[in-house]
Amino acid sequence: MSALREQIALHISRLGLPTSPDEVVVTTGAHQAIALTAQMYLRPGSTVVVESPSCPGSFDLFSAHGAQTVGGPPTVGCAT
């Protein structure tokens, strides 16, 4: 797993954002990443703007952590 984190950090650093392997978290998928982020940063009453349609279950994950969800339009394009 450490080799994967090292390669991800190297890739992100090459894109212009200096990153060390200990700043990289690898999850088993989007659902786990969203749940981990919600657990770390949300407090009851927080408001989260979520693209609609969105990753299945994301509204439920945020609501389970006491956040209020607001659906927003999908992002057009992607900045790279």
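Number of residues in the range 1-53 that are without any contact (Cβ under 8 Å) to a residue 24 or more places away in the chain and touching a Cys at 6+ places or on another chain (Cβ under 9 Å): the value is 0. Considering only residues of the range 53-62 that are outside any helix (DSSP H, G or I) and open to solvent by less than 60 Å² (accessible area, probe 1.4 Å), which is farthest from Ala33 (Cα to Cα)? Of everything passing the filter in the range 53-62, Ser54 is farthest from Ala33 (Cα to Cα). Within the range 1-12, if we keep just the residues that are of a type in the set (A, V, I, L, M) and at pLDDT 95 or above, the residue that is surrounded by the most Cβ atoms within 10 Å (Cβ to Cβ) turns out to be Ala9.
Residues of the range 13-28 that are under 15 Å from Met1 (Cα atoms) and either open to solvent by less than 50 Å² (accessible area, probe 1.4 Å) or of a type outside the set (D, E, K, R) (or both): Ser20, Pro21, Val24, Val25, Val26, Thr27, Thr28. Does Ala38 satisfy the condition of being surrounded by 13 or more Cβ atoms within 10 Å (Cβ to Cβ) and of a type in the set (Gly, Ala, Ser)? Yes, satisfied.
The values are calculated or read from the model by the stated rules, or taken from the named source; none is laboratory data. Quick caveat: nothing in here was measured; it's all calculated off a predicted structure. Using ideal geometry, Cβ is built from the backbone for each residue, glycine included, and neighbour counts are taken over all protein chains shown. Remember, those area values only see protein heavy atoms, side chains included, never the ligands or the DNA or RNA. Shrake-Rupley method; radii C 1.70, N 1.55, O 1.52, S 1.80 Å.
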